[in-house]
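Accompanying notes for the structure given below.
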Amino acid sequence: MEAWKSGIMDGWKTACLAAMLGLGAGAAEASTNFYAQASATETNVFLGQVFNLDVIVKAAEKPDAPQLTGLADFNATVLDAGKTTSATNTWLYRYALRAKREGELQIPALRLGGLTTSPIGIKANKPEATDRMKLELKLSKPSVYLSEPVLLTAVWDSTYQFGAIKAVDLHFPILNDKRFQTLELYEPKKENNAQSTGLPVHGTRVLATRNSYKAEATQHQSLSFSKLLVPKHSGTLLIQPATLLCAAEKEKDPKSKQGQRSAFQYPSYFDNTFFDQNVTGGSWTRIYTESAPLELEVKPLPLEGRPDLFNGMVGDFTILVDAEPTNVRVGEPVTLTITITAQEYMESIFFQPLRYQPRLVNHFEIPSDRSLPRREGKSKIYTQTIRPLSTSNTEVPPLLLAYFSPASNAYITVESAPIPLKVSPAEEIGVFGGSIYQSRLRAVEEGIRHNYEDPDMLESRRLPLFGWAHPFAVLGFLLLPPLLAGGYSLISLFGEKRHHIHRTAKAARAYKVFRKNAAHIVHSHSMKSEIYEDLDRVLRAYLGDRLHLTPGALSFRDAVAKLEEADTQNETIDKLRELFMVCEAYRFTHGFDEKANTKKIVHDAVQVIKNVEKTLK
């Protein structure tokens, strides 16, 4: 019996303990629902090859970025520092890594708050050393002023045939350097040039120019491309080396048909072997080379003599203004075409809105919206309308352009020529066409004299109405005011109808116009400040046309009131609010900028507007 009771008690203890362990395990599982997971896109790499390290973190709140001090064997560049993912309470930390030495390397465990990732083993292989391939960076000037554009040219020279090279990985660290703003050169004819070749550079496709020459009886081929750098900090700035890793096909006998055929193969703009990563087999040799680092001396801009209109443009520029029409009434639009030409690089031209022109303010109505500039040669062409406020405006006054000239080592303000303007008074429209009607009725002087006349006066007689006019004339006179009033009302009705049709047509094509303007941003800008400035403009233009609001004075509060009337989902409104806030943040932020993925930013914005459009249909 005692043994039985003891067995029962032991069973209960075991069950309770199991239950407690089960509950504990469940609690532990609930409390450890958060995690940090690291993964590398490549674990078998070559020296100079860039690969990504992704760290996914799920936590109660966003943790600080991990310390990278343990990555001594790698060069690391931050790509995403805690980007929000589609999952709840989950963030992405992404880094571009490049091995510094060969051998068995390790990415150590990274700590994010109370979470830790697992270490990752990386095998780094040494590519074949060769003197048949080199990479060179060249600056157009060794010394510039702050915000002065300088041309950086990369030249890849090879005695290998470019048609026999695959898996090109050209790393260009300057594109992620926040000390510089990187601008694309405007070369519209380059795409149709037979010597143009597509080249993978830093994860993007760049259009390079191919050249061929002989040196010391050896045939060389080269590819070159350029970027404009605008320094945002003064001092001696070090430009990190560019690196090139590729796979070259082992050369065949040039006398063979296959060898002769490969000698005349050139990579095309789009589909060429540079982008082909398939290099399996023993017929390919990995080759690595890098450029020498460069130094750029950046001088600060002087404070003395800086004009109020100076907006950071450095170089030498001219301004030309044309106006059409020049004979208008008060309040009618005058279209200004403003052409700003640079002596060297027009990519850095930025003309401030006309509301900053002191000679225009208080004399003309200046809309806040203006078109995106058109590029032509070394010029940017801006178009904007102004409206004269008074007949005393006898000219479009000279427009001012302030810049710093490195050649003169001084600030210069140039101005356009004045344009004669004839302004007439606004057209006055009076009631019933402006005619003033005065009563021609006179009091009957006789009063009640008929009571005192002879009976003969009571005979029936046909007398003209009022005694002075033909009845038809009087009838026409009496009917004219209501007829004119009815005509005026009818014209107003048709005017309102026409205005309504015009507004409806603008609303109908607003989304199409937004997409077109957004696509223009993708091809025009790469820096966040430029992207969001133009995106803010096209966003306001869309909402103004779509919601029948004034784009220049449009605020998010105005837009959200209209959207709530249309029963727009809160999620869509929140995303639109976030887009508004980001655009405004970059409109009013100065002194900081960085390169961005223009295509992704614009794509996300288009998706927000697409959801808005679905609500309004």
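Quick look at the numbers
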quantity	calculated
Region 368-382, subset touching a residue at least 40 places away in the same chain (Cβ under 8 Å) and open to solvent by 50 Å² or more (accessible area, probe 1.4 Å), residue farthest from the chain's Cα centre (by Cα)	SER368
Of all residues making up region 531-560, the number that are of a type in the set (A, V, I, L, M), modelled with pLDDT of 75 or more and open to solvent by 30 Å² or more (accessible area, probe 1.4 Å)	1
Count - residues of region 172-184 that are in contact with a Ser or Thr (Cβ under 9 Å, 6 or more places away or on another chain) and open to solvent by 20 Å² or more (accessible area, probe 1.4 Å)	4
Selection status of ARG355, under 30 Å from PRO188 (Cβ atoms), outside the structural domain of PRO149 (by the TED database) and open to solvent by 20 Å² or more (accessible area, probe 1.4 Å)	no
Strands (runs of 3 or more DSSP E) completely within region 23-128 that count 2 or more residues being open to solvent by less than 30 Å² (accessible area, probe 1.4 Å) and within 30 Å of LYS250 (Cβ to Cβ)	90-99, 103-107, 120-125
From LEU336, LEU294, residue being assigned by the TED database to the domain that holds VAL230, open to solvent by less than 60 Å² (accessible area, probe 1.4 Å) and of a type in the set (A, V, I, L, M, F, W, C)	LEU294
Within region 370-391, tally of residues that are in a loop (DSSP other than H, G, I, E, B) and closer than 22 Å to ILE419 by Cα	6
Hits in region 191-242 - residues which are under 26 Å from the mean Cα position of the chain (by Cα), surrounded by fewer than 18 Cβ atoms within 10 Å (Cβ to Cβ), among the charged types (D, E, K, R) and in a strand (DSSP E or B)	ARG205
Of all residues in region 512-530 being buried (at least 20 other Cβ atoms within 10 Å of the Cβ) and farther than 22 Å from VAL230 by Cβ, the one that is nearest to the chain's Cα centre (by Cα)	ALA518
Subset tally (residues that are modelled with pLDDT of 95 or more, open to solvent by 30 Å² or more (accessible area, probe 1.4 Å) and in contact with a Leu (Cβ under 6 Å, 6 or more places away or on another chain)) for region 300-316	1
When residues of region 291-329 are limited to those that are over 29 Å from the mean Cα position of the chain (by Cα) and among the polar types (S, T, N, Q), the one farthest from PRO358 (Cα to Cα)	SER291
Residue in region 273-289 that is at pLDDT 90 or above and at positive phi present	no
Test result for GLY121, at pLDDT 90 or above and over 30 Å from VAL230 (Cα atoms)	yes
Counted residues, region 391-449 - those being touching a Lys or Arg at 6+ places or on another chain (Cβ under 8 Å), open to solvent by less than 80 Å² (accessible area, probe 1.4 Å) and modelled with pLDDT under 90	1
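The values are calculated or read from the model by the stated rules, or taken from the named source; none is laboratory data. What you are looking at is a predicted structure, and each value in this text was computed from that prediction instead of being measured. As a convention, Cβ positions derive from the backbone with ideal geometry for all residues, glycine included, and neighbour counts pool all protein chains shown. Surface accessibility is based on the protein's heavy atoms, side chains included, excluding ligands, DNA and RNA. Shrake-Rupley method; radii C 1.70, N 1.55, O 1.52, S 1.80 Å.
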